[in-house]
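Peer 1: Let me begin by handing over the structure; questions about it come next.
The values are calculated or read from the model by the stated rules, or taken from the named source; none is laboratory data. All values derive from a computational prediction rather than experimental measurement. Methodologically, a virtual Cβ is constructed for each residue, glycine included, from the backbone with ideal geometry; neighbour enumeration extends over all protein chains shown. Heads up: the accessible areas ignore ligands, DNA and RNA and are worked out on the full protein's heavy atoms, side chains in. Shrake-Rupley method; radii C 1.70, N 1.55, O 1.52, S 1.80 Å.
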Amino acid sequence: MQKQAIFQSKLLPYALVAPQLAIVLIFFYWPALQAVIQSFLLQDAFGLSTSFVWFENYLDLFKDRAYFEAIVRTFFFSFAIAVSSLSFALLLAVMADKPLRGGTLYRTLLIWPYAVAPPVVGVLWIFMLHPSLGVLSRYLRNLGIDWNPLLDGDQAAALIILAAAWKQISYNFLFFLAGLQSIPRSVLEAAAIDGARPMRRFWTVTFPLLSPTIFFLLVVNIVYAFFDTFGIIDTMTRGGPGKSTETLVYKVYTDGLLGGNLGSSAAQSVILMIMVIVLTGIQFRFVERKVTY
Amino acid sequence: MVEEEGFRRYIAHIILWIGIAIVAFPVYLAFVASTQDNAVIANGQMSLLPGGHFLETYYQTIFVGTSGSTREPVGNMMLNSLVMALLIAVGKIAVSIISAYAIVYFRFPFRMAIFWIIFITLMLPVEVRIYPTYKIVADLHMLDSYAGLSLPLIASATATLLFRQFFMTVPDELLEASRIDGAGPFRFFWDTLLPLSRTNMAALFVILFILGWNQYLWPLLITTRDDMQTIQIGIRKMITTTDALTEWPIVMATAVLAMLPPVFVVVVMQKLFVRGLVETEK
């Protein structure tokens, strides 16, 4: 992967990479390093003295029930968001992949939620399902459901998952549609000639051929659920009631900002970094495999 | 083509319209709420049809703001969001394209090391290094400034990778030809490479503009002054007061306004957007 035709210059290339390098070093590496260092330090309550405590912050975290619960909660949220959003998006994409009149219109009408910001998504959904003034809450009450996500932790969690999945439909839809359109028609036609009905064709031909896309989207959705739900959670529930909607990223934010516990917050950041690196690594291995196909 | 019976096609149409309805309903409701009277909404008696307060609510939202905790007019917040989004999009494209140019078209010591240093940033979203980054921006006296809002978000591996990949596909003959014409590295970049990258840049711009416009956690931390607030932060502050005091029509009008620019960009630039998305993610 080398260009044959190149320029000769000693200083110019450094000048060209300098802006990017400066920003990366100042705003990425330096703070990441600080987080790692900070995670090994313990600060007294007034911030007057700090001492080096090795892995104490990490050990405290693993002993902390609340942290363990936040991990479980985050993974549960991620899978619930990914599975519900992926399955609905796949259904829509399969329908939109058919030769229908108005296909482009459907696509346009389905992709725009991608552009809606997470806090706006949060505001829209809390308004719809607000216990006292939400339009949908009225119907839920008429059905005999005691709906109050501001007090009931499970309902709050359901609300977050619903809102986060809603936003992600458009993104998944786009990639599924692209995936479906790259499946050769001849394969499907061959299956049809063999007498496979549409449902059977989908499960035995389309679905396996789509599995790389599904896997890619699963990883992307989990990363999305980790980080981009922050704005949704912050506008809808602030992690509450209790801690029922506090995810790992939200906990870093509250422990550091409100709790003033920088050592623990930094240790949490480092653990998150490791998780992201693993997820990104998986994503890349997959992409590489895809390229060589 | 595989056979497609009539009734299956109807089912497809119906399912797609149900999907569109689910996707559009919250936004429709927000628009309806923004045109109604606050007292009616607070009673839980909101109707599903637009009311008669459209002009009045939007005038107040854009030019005056709420009477509650944040008194900043939304027009000003939108301006801040716009400046931030443009700085991030243009800045990212600018620093990425020149560093990709250096990495592809020059041989120099530490070239691959620099490439990897940039590449690894892919794995460090701002959320996981939030407090140390905040501290650095504070130490540099960049809190409550456009520089503080945009600089930490400008460096990105994805844009660099994308340009690098694209430059690799540019035939070597082009460089040889322009060299024979007497062009140096600047002329070649400006007259040949940049025009060729136009569609890539445009696609990337669409994605990055939306990314910048929708930033939340970062501006939440580093802006303290109301006049530096972005619209995403403003909207959250509007619902911090107790429920009874929340001016829902204004909140909903703000939500609608906050959606307009990015949704407009996606719908109008659909082709470029889809291209940019698939290229940057895969």
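Peer 1: Considering only B:LEU204, B:TYR216, B:ILE233, whose Cα is most displaced toward the positive end of the charge dipole of region B:189-250, charges sitting on Cβ of Lys, Arg (+1) and Asp, Glu (-1)?
Peer 2: Farthest towards the positive pole: B:LEU204.
Peer 1: Assign unit charges at the C-beta atoms only (+1 for Lys and Arg, -1 for Asp and Glu), then state the dipole size of region A:121-200 relative to its Cα centre in Debye, rounded to the nearest 20. Spell out each step's value before the answer.
Peer 2: Details: 6 positive and 5 negative charges, 44 e Å.
Using only the charged Cβ atoms, the result is roughly 220 debye.
Peer 1: Extension gain B:LEU79-B:ILE15, at 0.36 nm per residue separation less the Cα-Cα distance, in nm? Don't skip to the end; give the middle numbers.
Peer 2: Working: separation 64, 0.36 × 64 = 23.04 nm, distance 3.91 nm.
The B:LEU79-B:ILE15 span can extend by a further 19.1 nm.
Peer 1: Over the whole of A:205-215, what's the average partner chain Cβ count within 10 Å per residue? Rounded to a whole number, please.
Peer 2: On the way: counts 0, 0, 0, 0, 0, 0, 0, 0, 1, 0, 0.
What the average comes to for A:205-215 is 0.
Peer 1: Calculate the spin-label point distance for A:ARG185 paired with A:ILE274, positioning each point 7 Å from the Cα along the beta-carbon direction, and give it in nanometres.
Peer 2: Inter-label distance under the simple model: 5.2 nm.
Peer 1: Calculate the FRET efficiency for B:LEU48 and A:TRP30 from the Cβ-Cβ distance with a Förster distance of 41 Å, rounded to the nearest 0.05. Before the final figure, lay out each step's value.
Peer 2: Working: r = 53 Å, r/R0 = 1.28.
Once rounded, the FRET efficiency stands at 0.20.
Peer 1: Assign one of three labels to region A:57-146, namely rounded, prolate or oblate, based on the Cα gyration tensor with a ≥ b ≥ c the square roots of its eigenvalues; rounded applies when a/c is under 1.5, prolate when it is not and a/b is larger than b/c, and oblate otherwise.
Peer 2: oblate
Peer 1: OK, next. Using a probe radius of 1.4 Å on protein heavy atoms only, what is the accessible area buried between chains B and A, both sides summed, to the nearest 100 Å²?
Peer 2: Numbers: alone 16770 and 18490 Å², together 25190 Å².
Protein heavy atoms only, the B-A interface buries about 10100 Å².
Peer 1: While we're here: Calculated FRET efficiency, B:TYR146 and A:LEU100, Cβ-Cβ r, R0 56 Å, to nearest 0.05?
Peer 2: Details: r = 46 Å, r/R0 = 0.82.
Efficiency computed from Cβ-Cβ geometry: 0.75.
Peer 1: Also, quick follow-up: Straight-line reach from B:LYS271: which lysines fall under 25 Å, measuring Cα to Cα and dropping same-chain residues less than 8 apart?
Peer 2: A:LYS98, A:LYS167, A:LYS290, B:LYS92, B:LYS282
Peer 1: Using a Förster distance of 35 angstrom, determine the FRET efficiency expected from the C-beta separation of A:SER132 and B:ARG198, and round it to 0.05.
Peer 2: Values: r = 53 Å, r/R0 = 1.50.
That pair, A:SER132 with B:ARG198, gives E of 0.10.
Peer 1: Inside 10 Å of the C-beta atoms of A:104-113, what's the mean count of C-beta atoms belonging to other chains? All intermediate terms of the calculation are to be shown ahead of the outcome.
Peer 2: On the way: counts 1, 2, 6, 3, 4, 8, 6, 8, 12, 8.
Rounded to a whole number, the mean comes out at 6.
Peer 1: Compute log10 of I(q)/I(0) for region B:103-256 with the Debye formula, placing one identical point scatterer on every Cα and leaving out solvent, at q = 0.09, 0.12, 0.14, 0.19 Å⁻¹, to two decimals.
Peer 2: Here the Debye-derived log intensity ratios amount to -0.47, -0.74, -0.89, -1.22.
Peer 1: Springs between alpha-carbon pairs under 10 angstrom, Gaussian network model over chain A: which of A:ILE23, A:ILE169, A:ILE232 fluctuates most?
Peer 2: Among A:ILE23, A:ILE169, A:ILE232, the largest GNM mean-square fluctuation belongs to A:ILE23.
Peer 1: Here's a follow-up. Can you give the Rg to Rh ratio for chain B, taking only C-alpha atoms and Rh from Kirkwood? Please report the intermediate quantities before stating the final value.
Peer 2: Values: Rg = 23.8 Å, Rh = 22.1 Å.
A ratio of 1.07.
Peer 1: Same structure again: Over all residues in B:18-28, what is the mean tally of Cβ atoms on other chains that come within 10 Å of each residue's Cβ?
Peer 2: On the way: counts 3, 12, 6, 1, 6, 13, 4, 5, 13, 5, 0.
Per residue, the average neighbour count from other chains is 6.
Peer 1: Keeping all protein chains in the complex and leaving out DNA, RNA and ligands, what accessible area do you get for A:ASP154 with a 1.4 Å probe, in Å² to the nearest 10?
Peer 2: Taking all protein chains as shown, A:ASP154 has close to 130 Å².
Peer 1: Using a 7 Å offset from the Cα along the Cα-to-Cβ direction at both B:LYS271 and B:VAL64, what is the distance between the two label points in nm, to one decimal?
Peer 2: Modelled inter-label distance: 4.5 nm.
Peer 1: Rounding to the nearest 20 debye, state how big the charge dipole of the protein assembly as shown is about its Cα centre with +1 on each Lys and Arg Cβ and -1 on each Asp and Glu Cβ. Mind showing how you got there, number by number?
Peer 2: Values: 39 positive and 36 negative charges, 257 e Å.
Roughly 1240 debye, rounded to the nearest 20.
Peer 1: Here's something else I'd like to know. Rank A:HIS130, B:HIS53, B:HIS141 by accessible area, highest first, at a 1.4 Å probe radius? Working shown, then result.
Peer 2: Numbers: A:HIS130 5, B:HIS53 55, B:HIS141 165 Å².
Listed by decreasing accessible area, they come as B:HIS141, B:HIS53, A:HIS130.
Peer 1: For the protein assembly as shown, how big is the tail of P(r) above 43 Å, as a whole percent of Cα pairs? All intermediate terms of the calculation are to be shown ahead of the outcome.
Peer 2: Working: 39241 of 165025 pairs.
The answer is 24 percent, as a whole percent.
Peer 1: Follow-up question, since we're still on this one. With a bin width of 5 angstrom, please list the P(r) values of region B:59-193 as percents of all Cα-Cα pairs, from the 0 bin to the one holding the largest distance.
Peer 2: With 5 Å bins starting at 0, P(r) equals 2, 9, 13, 14, 15, 13, 10, 8, 6, 5, 3, 2, 1, 0.
Peer 1: Moving on to the next point. Could you give the length gained on full extension between A:THR50 and A:ARG65, defined as 0.36 nm per residue of separation minus the Cα-Cα distance, in nm?
Peer 2: Details: separation 15, 0.36 × 15 = 5.40 nm, distance 2.55 nm.
Fully extending the segment from A:THR50 to A:ARG65 adds 2.9 nm.
Peer 1: In the protein assembly as shown, if the dipole is taken from +1 on Lys/Arg beta carbons and -1 on Asp/Glu beta carbons about the Cα centre, which of B:ALA102, A:ALA32, A:VAL135 is farthest to the positive end?
Peer 2: Of B:ALA102, A:ALA32, A:VAL135, it is B:ALA102.
Peer 1: Scanning chain B for GluC sites (Glu not before Pro) in DSSP loops with at most 11 other Cβ atoms within 10 Å, what's the longest stretch left with none?
Peer 2: Numbers: sites that count: B:GLU3, B:GLU5.
Here the longest segment lacking exposed loop sites spans B:6-282.
Peer 1: Another one. In debye, nearest 20, what is the charge dipole magnitude of region A:1-105 about its Cα centre with +1 on Lys and Arg Cβ and -1 on Asp and Glu Cβ, if you could check?
Peer 2: Details: 7 positive and 6 negative charges, 133 e Å.
Dipole about the Cα centre, nearest 20: 640 debye.
Peer 1: Counting just the Cα atoms, what span does chain A cover along each of its three principal axes? Round to the nearest Å and put the largest first.
Peer 2: The Cα atoms of chain A stretch 77, 74, 31 Å along their principal axes.
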